Every structure is written in C-alpha cells, then in structure tokens.
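So the structure is just underneath, and the comments pick up after that.
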Amino acid sequence: MTKLARHLRRWPTKQGITCYRLYERDIPEIPLVVDRYEDCLHMAEYERPHDRTPGEHGDWLDLMVRTAGEALDIRRRDVFLKRRQRQRGTTQHERYADDRRTLTVTEGGLKFEVNLSDYVDTGLFLDHRITRSMVGEEAAGKRFLNLFGYTGAFTVYAAAGGARSTTSVDLSNTYLDWAARNMQLNGLAGSSHRRIRADAMQFLAEHPPDPAYDLAVVDPPTFSNSKAAETDWEVQRDHAQLLRRLLPRITPGGVIFFSTNFRRFKFDESAIKGVTVREISRQTVPPDFRNRRIHRCWRMVRKDDS
C-alpha cells in the first residue's frame with residue numbers, strides 16, 4: 001500500500017484532488033476498500049468467508065487499521081473503519097454511529113462536508129468525480145434537476161457551473177439539510193435552489209407534464225424500502241418507468257445523466273422512446289478506481305418532438 005500511495009499521491013496533487021481511492025479488494029484475502037479524505041482514511045470491510053474466530057477477526061481488523069495508518073502516516077484517531085454488509089431489504093446510506101466526525105474536503109475547487117464516522121457512506125461518492133464535472137460543464141443557464149439527490153454534490157457542481165436554477169429531490173430531511181450545507185459552503189444558497197422532500201417516482205407523477213428542466217441527474221440506489229415511500233424501489237424493475245415519467249419534464253435537446261452501481265443491471269433502452277442513449281461508463285470512472293465497473297453511466301438526450 002505504501003508504494004501505491006506514493007504513486008497516487010503524485011497523481012491527485014497535480015489534479016488538485018484531495019479525496020481518492022487507495023485500495024479496493026485487490027487481494028482476495030484482504031476484502032477492504034481504503035479511501036483517503038485529505039488527512040484521514042476511510043476503510044470499509046466487505047463480507048467474505050474466513051476461518052477466524054470473532055476475537056481473531058477483531059484483532060486482524062485492528063492490524064489492518066494500524067498498518068494502513070502507519071503506511072500512510074495518518075494518526076489512528078483519523079482512520080475510520082466500517083463493516084459494509086450485504087444489503088438485505090433495507091434502505092441505502094444507513095446510520096452507523098453518532099460520533100459526528102465531519103470534515104470539509106475540496107474537489108474541483110468546490111467544498112463538501114463529509115461524515116467519516118456515522119454512515120457507511122461518507123456523503124461524497126468518489127467514483128462520480130468525473131461525472132460531477134461533466135454535469136458542471138453542461139449546467140450554464142440550465143434548469144437542473146437532481147433526483148435521489150442525497151447530499152447534493154451534483155447540485156453543487158451544477159450551481160457552480162452557472163445553472164439558472166436547481167431542484168434537489170430526496171426522501172431524507174437529513175440529506176436535504178446536508179445538501180443545503182454543501183451549497184452554503186460554496187456560497188450558492190438562494191431562492192433559485194430548491195430542495196424537495198419527496199419520493200422520486202411520486203415527485204414526477206405529481207409534477208406538471210411541462211418541460212421544466214434542461215439537465216437532470218438520476219443516480220438511484222439499487223433498492224430502497226423507505227417507509228416514507230408508497231412503494232419499494234428496485235432499479236432494475238423501475239428505471240424505465242421513472243425515465244418515461246421524467247422525459248416529458250425535460251426540454252427537447254435536454255440531457256439526462258443516469259447511473260447505477262448495480263452490477264447485474266441491464267438498461268432497457270427499448271422501453272424508453274424519444275431519447276438518444278449513449279453509455280459513457282468508460283469516461284466516467286476515475287483512474288484511481290481499478291474496478292472499472294464501480295458504476296455504469298448513460299448520457300441521454302431528449303429528441304425534438306417536431
């Protein structure tokens with residue numbers, strides 16, 4: 001890891017990147033993901049069969065944490081370890097603790113609040129660094145919609161890129177408040193930036209069928225069964241219906257970025273009419289992610305109705 005860290009330290013320094021992936025289960029016997037957030041480490045253990053007792057496994061994890069910190073010259077108190085279990089019928093982004101270890105990090109000249117202690121996910125998905133920059137580059141003068149908005153990182157990029165207005169939709173007040181703080185960190189608060197607590201499907205169903213947006217991001221969880229939603233969400237089953245509902249709300253020539261990290265996902269292009277579709281996954285996965293299938297991403301353009 002020390003050799004890899006030296007290599008990666010030169011690369012992000014040149015790019016102005018302070019948060020990046022160092023290790024991702026490269027060795028099967030060490031099923032960890034290690035991300036650097038400035039002067040902190042965020043480590044996640046993935047479930048994998050082993051022959052250690054619970055006590056031995058705890059000692060092994062302590063050794064991994066200590067080794068990573070020493071190799072990268074990071075204090076033990078600034079190394080955070082999570083256990084990422086297979087999702088079994090629960091919602092995404094569940095709370096893990098209540099220690100409130102937050103940090104303001106920089107990406108693309110913009111500031112974001114991350115929480116390294118309390119959630120399995122930190123609030124900033126590093127694999128979408130390039131996708132966010134693409135959104136920012138297309139946002140000037142556009143009316144932007146962020147469905148499944150989470151902590152609003154895409155919205156920050158769109159607003160900083162000159163979007164005329166932004167609308168961020170999420171079911172969680174916690175994440176909408178977090179999105180508001182991210183906007184404020186960048187001096188982007190104002191009445192032209194709306195945050196709406198709603199289920200994405202319901203939001204679109206109740207939205208007037210007028211072309212109200214020129215640019216949209218749809219980055220949903222693989223599944224969710226939040227009590228606040230009328231029905232469960234499954235990305236494979238529901239993505240085509242959601243996109244069909246979204247398209248009438250997009251202006252002709254408007255752009256939708258759609259992404260998922262569901263590995264077995266099959267995009268049902270035939271079920272979505274009036275749009276050109278191009279997969280851009282190869283362009284959107286950053287170089288620090290050796291897993292080139294960390295996500296898949298499509299860029300869609302609504303055709304002119306005439």
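Please compute the net charge surrounding Glu279, taking Lys and Arg as +1 and Asp and Glu as -1 over other residues with Cβ under 10 Å from its Cβ.
Values: positive: Arg278, Arg282, Arg296, Arg299; negative: Glu269.
Combined, the nearby Lys, Arg, Asp and Glu give +3.
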Practice task
Let me know the Rg and Dmax you get for segment 70-196 when you use only its Cα atoms, in Å.
Solution key: 15.5, 47
Completion exercise
Under the 7 Å Cα-to-Cβ spin-label approximation, Ser133 and Arg83 lie apart by a distance in nanometres of 3.8
Exercise for the section: Note the angle between two axes, namely the Cα long axis of helix 129-138 and the longest principal axis of the Cα atoms of the chain, as a number of degrees from 0 to 90, rounded to the nearest 10. Expected result: 20
Fill in the blank from the handout: With the convex hull built on the alpha-carbon atoms of segment 122-302, volume per residue in Å³ sits at 114
Practice task
Pop a pseudo-label 7 angstrom from the Cα along the beta-carbon direction at both Leu63 and Arg263 and give the gap in nm to one decimal.
Solution key: 2.6
Completion exercise
Helix 2-15 sits off the longest principal axis of the Cα atoms of the chain, rounded to the nearest 10 on a 0 to 90 degree scale, by 30
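Tell me the net charge near Ala216. Cut-off is 13 Å between Cβ atoms, Ala216 excluded, with +1 for each Lys or Arg and -1 for each Asp or Glu.
On the way: positive: Lys142, Arg143, Arg245, Arg249, Arg299, Arg302; negative: Glu138, Asp214, Asp219.
That sum, taken over residues with Cβ under 13 Å, equals +3.
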Problem - Debye intensity ratio in log₁₀ form over the Cα atoms of the chain, taken at each q of 0.07, 0.10, 0.15, 0.17 Å⁻¹ - result: -0.28, -0.57, -1.26, -1.57
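Please list 254-260, 113-119 highest first by mean number of surrounding beta-carbon atoms within 10 Å per residue. Please list the in-between numbers first.
Values: 254-260: 22.3, 113-119: 19.7.
Ranking, from highest mean packing down: 254-260, 113-119.
Multiplying the sequence separation of Thr222 and Asp99 by 0.36 nm and subtracting their Cα-Cα distance, what value in nm do you get? Numbers along the way, then the final one.
Details: separation 123, 0.36 × 123 = 44.28 nm, distance 2.73 nm.
Once the chain is fully extended between Thr222 and Asp99, it gains 41.6 nm.
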Practice task
Enter the angle in degrees (range 0 to 90, nearest 10) between the Cα long axis of helix 54-72 and the first principal axis of the Cα atoms of the chain, meaning the one along which they spread out most.
Solution key: 80
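Values quoted throughout were computed directly from the atomic coordinates according to the rules given, and no laboratory measurement underlies them. Source: prediction; values computed, not measured. So basically every Cβ, Gly included, is an ideal-geometry build from the backbone, and we count neighbours across all protein chains shown.
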